[in-house]
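Report on the structure given below.
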Amino acid sequence: MATHNNHLNGDAISNRHVSKKPKLAPTAAVAVITEADLQSEFSHHDPAVARINNGSFGCCPASVIASQRRWQLLNLRQPDHFYFNELKKGILHSRTIIKDLVNAEHVDEISIVDNATTAAAVVLQQTAWAFHEGRFHKGVDAVVMLHYAYGSVKKSVEAYVSRAGGDVIEVPLPFPLTSPNEIITEFRCALERAKSGGKTVRLAVIDHVTSMPSVVIPVKELVRICREESVDKVFVDAAHGIGCTSVDMQEIGADFYTSNLHKWFFCPPSIAFLYSRKNSSSCDLHHPVVSHEYGNGLAVESAWIGNRDYSAQLVVPDVLEFVNRFEGGIQGIKRRNHEKVVEMGQMLAAAWGTHLGSPPEMCASMAMVGLPACLGIKCDLDVARLRTHLRDEFGVEVPIYFRAPAAAISAGDVVTGYARISHQVYNKVEDYYKFRDAVDQLVNSGFTCAQLST
């Protein structure tokens, strides 16, 4: 099968930057993982479930869970020793690894938080303060975000920006997609609408890999457009970034970038990093939970927000050791996941006579696959009920997206439901066959989603 690597960094044009990112790949001293090892590492997964939904909650191998437990016991055994001698040192070690993984210039640009949603709150809180303090102006200054922004991030924009009086401009995105250029065109149009309406765009919130529907966004190109159009700051929400697609701070060029590490980088829940480029405004970022370290810089503030379990933030070195047991390290895992999810997506689409929601280069480790139109998916409630039905009756865990047909098109044989399939190292081809066969059984029995409403 052909390899599709064009999705890396979601860049729509050729890469002109030679990355100085260090190669974090296996060394000769690292034992290469075997199939038996892999089975053991994920033996805690429910064997009755075809788990093709890594994108929602991620996964954590047994060896990392064991390391997490050791950190937890170290804390519980002697909390004072842990706090004064282990915690800050351990978090700094994790931050240093992340800094190298994402090619940041300095470790001070990396803060560890519990989730990408928290990182969004950090950035959007700064924007809200600018409105409250009169540096940004109601009715004039605006934030731009994609229509397919993650739901909690949209709510955060509402809570911090709209409530402070800022305008919010959504970029409409088509789906299914045939090219990154469709996204680029819509983004340019949104900025032009803002300009013609007399708005100053203070912040652009751009996804790297959207959640639902899942699409790799041409993020580097959108950041460049923001620079050309004098957008003040760019925040990239990449909850699915690290371990799923290529993440390089020097290449992407955003002011702020966040990614979870518990989705595609094998950390336990929950941990994310927030990159903030060193400049005059980065010192005004603060964690939304205020504790004793307030005012000492975001990275220090985030390292202590009260007495809680920090173990997920301390196992990053163990996760790096785990991924380096695979050929090519995290880069190899990412490449193989991309190849397999595209292959499985094409297999399912061929079996059902449908199509992928985007070309292979716009898939990372997830792909949107059209479901047969005869299932009668007509609304969001239908996809929620169908997902539950697949889980309860067939042992298949997969999220489903409803896409209403264009107003001028009758639903008829038009695909209105798309399954978002993921591929991670623990997945087997049988997981996808199980999903295929479940849908085939529903189709052959004359099932429609209307039957689930009774």
**Request:** Tell me which residues, restricted to the stretch 299-340, are closer than 25 Å to residue 69 by Cβ and in a loop (DSSP other than H, G, I, E, B).
**Result:** 304, 305, 306, 307, 308, 309, 310, 315, 324, 325, 326
**Request:** Return yes or no: is residue 358 more than 30 Å from residue 125 (Cβ to Cβ), crowded, with 18+ Cβ neighbours inside 10 Å, within 21 Å of the chain's Cα centre (by Cα) and among the hydroxyl-bearing types (Ser, Thr, Tyr)?
**Result:** yes
**Message:** Given the criteria of a type in the set (Ser, Thr, Tyr) and open to solvent by 70 Å² or more (accessible area, probe 1.4 Å), does residue 433 qualify?
**Reply:** yes
**Complete:** Sole miss for residue 253 among (1) open to solvent by 10 Å² or more (accessible area, probe 1.4 Å); (2) touching a Ser or Thr at 6+ places or on another chain (Cβ under 6 Å) is condition (2)
**Complete:** Checked the stretch 100-140 for anything within 17 Å of residue 315 (Cβ to Cβ) and open to solvent by 30 Å² or more (accessible area, probe 1.4 Å); matches are 100, 114, 115
**Asked** Out of the stretch 85-135, which residues are over 17 Å from residue 255 (Cα atoms), of a type in the set (Lys, Arg) and assigned to a helix (DSSP H, G or I)?
**Response** 88, 89, 95
**Fill in**
For the stretch 43-59, the count of residues that are out of contact with any His (no Cβ under 7 Å at 6 or more places or on another chain) and open to solvent by less than 40 Å² (accessible area, probe 1.4 Å) equals 7
**Asked** Quick one: is residue 403 modelled with pLDDT of 95 or more, open to solvent by 50 Å² or more (accessible area, probe 1.4 Å) and basic (Lys, Arg)?
**Response** no
**Asked** Tell me, which residue of the stretch 150-170 that is assigned to a helix (DSSP H, G or I) and among the small types (Gly, Ala, Ser) is surrounded by the most Cβ atoms within 10 Å (Cβ to Cβ)?
**Response** 156
**Asked** Within the set of pairs 6 or more residues apart or between chains, which connect a residue that is assigned by the TED database to the domain that holds residue 165 and open to solvent by 10 Å² or more (accessible area, probe 1.4 Å) inside the stretch 198-226 to a residue that is part of a loop (DSSP other than H, G, I, E, B) and of a type in the set (Lys, Arg) with Cβ atoms less than 7 Å apart?
**Response** none
**Prompt:** If the Cβ limit is 6 Å and pairs must be 6+ apart or interchain, which residue in the stretch 243-266 that is within 20 Å of residue 298 (Cα to Cα) pairs with which residue that is crowded, with 24+ Cβ neighbours inside 10 Å and hydroxyl-bearing (Ser, Thr, Tyr)?
**Reply:** 249/275; 256/276; 257/275
**Message:** Looking only at the stretch 60-81, count every residue that is in contact with a Cys (Cβ under 8 Å, 6 or more places away or on another chain) and open to solvent by 40 Å² or more (accessible area, probe 1.4 Å) and tell me the total.
**Reply:** 0
**Asked** Which one of these is more than 18 Å from residue 56 (Cα to Cα) and either of a type in the set (Asp, Glu) or buried (at least 22 other Cβ atoms within 10 Å of the Cβ) (or both): 381, 375, 452, 386?
**Response** 375
**Fill in**
Of the conditions (1) out of contact with any strand residue (DSSP E or B) (no Cβ under 7 Å at 6 or more places or on another chain); (2) without any contact (Cβ under 8 Å) to a residue 12 or more places away in the chain; (3) of a type outside the set (A, V, I, L, M), the single one that residue 88 does not satisfy is (2)
**Message:** Tell me whether the stretch 201-210 contains one or more residues that are of a type in the set (Gly, Ala, Ser) and in a loop (DSSP other than H, G, I, E, B).
**Reply:** no
**Request:** Tell me which residues, restricted to the stretch 321-355, are within 22 Å of residue 174 (Cβ to Cβ), surrounded by fewer than 21 Cβ atoms within 10 Å (Cβ to Cβ) and of a type in the set (A, V, I, L, M).
**Result:** 349
**Message:** Looking only at the stretch 87-114, count every residue that is closer than 15 Å to residue 308 by Cβ and in contact with a Leu (Cβ under 7 Å, 6 or more places away or on another chain) and tell me the total.
**Reply:** 3
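The values are calculated or read from the model by the stated rules, or taken from the named source; none is laboratory data. Given the structure is predicted, the values throughout are model-derived calculations rather than measurements. With ideal geometry, Cβ positions are generated from the backbone for all residues, glycine too; neighbour counts draw on all protein chains shown. Heads up: the accessible areas ignore ligands, DNA and RNA and are worked out on the full protein's heavy atoms, side chains in. Shrake-Rupley method; radii C 1.70, N 1.55, O 1.52, S 1.80 Å.
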